[in-house]
Every structure is written in structure tokens, then in C-alpha cells.
Amino acid sequence: MAMVMAMITSVHGQQSVELSGLYQGENLLVVNETNPDGVGFCCYEVRVNGQLTADEVNSHAFEVDLRSQGIVLGKGLSVRLMHRPGCAPRILNPEVVKPSPGFELIDFKVSSTGDVVWTSSEERGRMPYVLQQFKWGKWVDVVRVDGRGGPGERYYSAHIDPIFGENLLRLTHLAPDGSLEVKGEARFSAEVPQVDFEYNHKKQKIEFSRPTQFEVVDAFGTVVLRGDGRQGVLRYLARGEYFVNFGARSETFKKR
């Protein structure tokens, strides 16, 4: 199970530990240290989705009773533990709140050479960005970049291989459960050589005129082979007709 890290923030002199994501039906367990001056405890207030809770925080350990909050399983959840300076409460089981994707997109630019830059802010967790390219009649993952998470602006760059003609890209933020936050699209035209394709039945390979991302699809629509390069080995595929998606094109071949 993916671990979820709590984020420590300070706003207007008030310090807090914050956790956000999707409610999984369990309570949070918190270790609450003694205040550094020896009087009282570190955490003095808990808020769930902005609402003050009735949790008893004046102890060395306590539960954040999420079950009593009426939150629907799998719905969005944010928890804020307010604490005194010089100490911080520790959440023992942050993994019971799965992170949900989310960010504010400040800027998203793509050049005709395939260089991509973007600026984001207020990222919910350290979840990866996935650049997707529209080709073969669908959105295809082409580049994955680890997100850094947290408040404030973050700057990223990547490179994609353009296809011949019009290119359409979009930026997504990927959560552990596979859900996506989609923001930002960019179009550009590229004058790159078209990729040619040949099926070599003797070598049981598909060969391309230049390196390309490709996939082989069987007659039932199942992707049976993916790759990136100048060839794909078909030795382990059953005989039959297949589709091959590559560059900006789709072709068919029959494996003997």
C-alpha cells in the first residue's frame, strides 16, 4: 500500500500537520508529545474538512474519529492537526487516507521540437505527472515525471518525441488508485519524417525506419506488445492478424 506523507505548514503563525486524500473507512492514530515547556500536549486542535472535531487530544496518543464525521467511503477528506511551536504530532497510519490527485496549473508550454515545460502549485501529495499524447485514436502515456508535492510553485520540464503533423498533448496527475487529474492541453505541428513499417516474417519481427513508440493489438483489441525503438519481437505471439500502432499511423499485418 502506498504511504502518504503528512505535510507540515505554518500560516499566520499557526502551525499544523495536514493530510488530504480519499477516505478509506479507518480512523487515524496520532502520537501526541508533551509540549516542550512541560505544560499540556503538542496538538491542541483537530479539524476534519474544516470542521472542529470533538476528539480528546489531551493525551500522549489519540484517535481522529473519522467514522463519526459522516464522510462517504472513497470521498475527499482533509485533516488538520494544529500544534504548538517546537513540536509536531505524528500520524502513525497515514496510509489509511489515500492521496487524491490535484494541482493548480500556472503555465504549460510545448515547442515544435517536443520540449515541454510547466509550472504548477498546490500539489496534493508527491504523485507523478504523466504527459499524454493523442494518437491512434486515444490518449497514450509518453512521459512520466515525479511530482514534488506541497504548497507553492513547482517547475518541471520533459521531452516528448513529436509525431508527423499535428500533435496534441495534455498533462495529468496520477493517484495510486489510478485516478487522474487532467489539466492543460497544447497543440503544435511538427515537420518530422514519417515512420515506415515492415513485417519480417522470417525473423518474426516488426521493423521501423526510425525509433518510435509502438504497440501491437490483437483482433480482440487487446494490446499484446508495447515498445519504444526500431523493432519489436513477435516470437511469442500466436498466429493471426494484428494491428500495429506507431508514429502517427496504424497498419495491419498477419503473423504466419
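The values are calculated or read from the model by the stated rules, or taken from the named source; none is laboratory data. Bear in mind that the values here come from a model prediction, so they are computed numbers and not experimental data. Here the Cβ is made from the backbone with ideal geometry for all residues, glycine too, and neighbour counts use every protein chain on show.
Is at least one residue of the stretch 201-212 under 29 Å from the mean Cα position of the chain (by Cα) and either modelled with pLDDT of 95 or more or outside the structural domain of Asp115 (by TED's automatic domain parsing) (or both)? Scanning the stretch 201-212, I find at least one residue that is under 29 Å from the mean Cα position of the chain (by Cα) and either modelled with pLDDT of 95 or more or outside the structural domain of Asp115 (by TED's automatic domain parsing) (or both), so the answer is yes. Within the stretch 92-99, can one find any residue that is in a strand (DSSP E or B) and at pLDDT 90 or above? The answer is no, given that none of the residues of the stretch 92-99 is in a strand (DSSP E or B) and at pLDDT 90 or above. Show the residue pairs meeting these rules: Cβ distance below 6 Å; 6+ apart or different chains; first residue within the stretch 210-221 and assigned to a strand (DSSP E or B); second residue crowded, with 18+ Cβ neighbours inside 10 Å. Taking only residues 6 or more apart or on different chains, the pairs are Arg210/Val195; Thr212/Val195; Thr212/Phe246; Thr212/Gly247; Phe214/Phe246; Glu215/Asn245; Val216/Tyr242; Val216/Val244. Just to be sure I understand the filter: pairs with C-beta atoms under 7 Å, separated by 6 or more residues or on different chains, first member in the stretch 138-161 and touching a residue at least 60 places away in the same chain (Cβ under 8 Å), second member of a type in the set (D, E, K, R). Which pairs pass? Cβ pairs passing all conditions: Gly149/Glu123; Gly149/Arg126; Gly150/Glu123; Pro151/Glu122. Listed by first and then second residue, the pairs linking a residue in the stretch 34-46 that is in the same structural domain as Leu66 (by TED's automatic domain parsing) to a residue that is exposed (fewer than 12 other Cβ atoms within 10 Å of the Cβ) and among the hydrophobic types (A, V, I, L, M, F, W, C), with Cβ atoms under 8 Å apart and 6 or more places separating them unless they lie on different chains, are Glu45/Leu52; Val46/Leu52.
Annotation: of all residues in the stretch 180-195 being of a type in the set (Asp, Glu) and loosely packed, with under 14 Cβ neighbours inside 10 Å, the one that is nearest to Phe243 (Cα to Cα) is Glu191. If the condition is being surrounded by fewer than 15 Cβ atoms within 10 Å (Cβ to Cβ) and within 24 Å of the chain's Cα centre (by Cα), then the stretch 223-240 contributes Val223, Arg226, Asp228.
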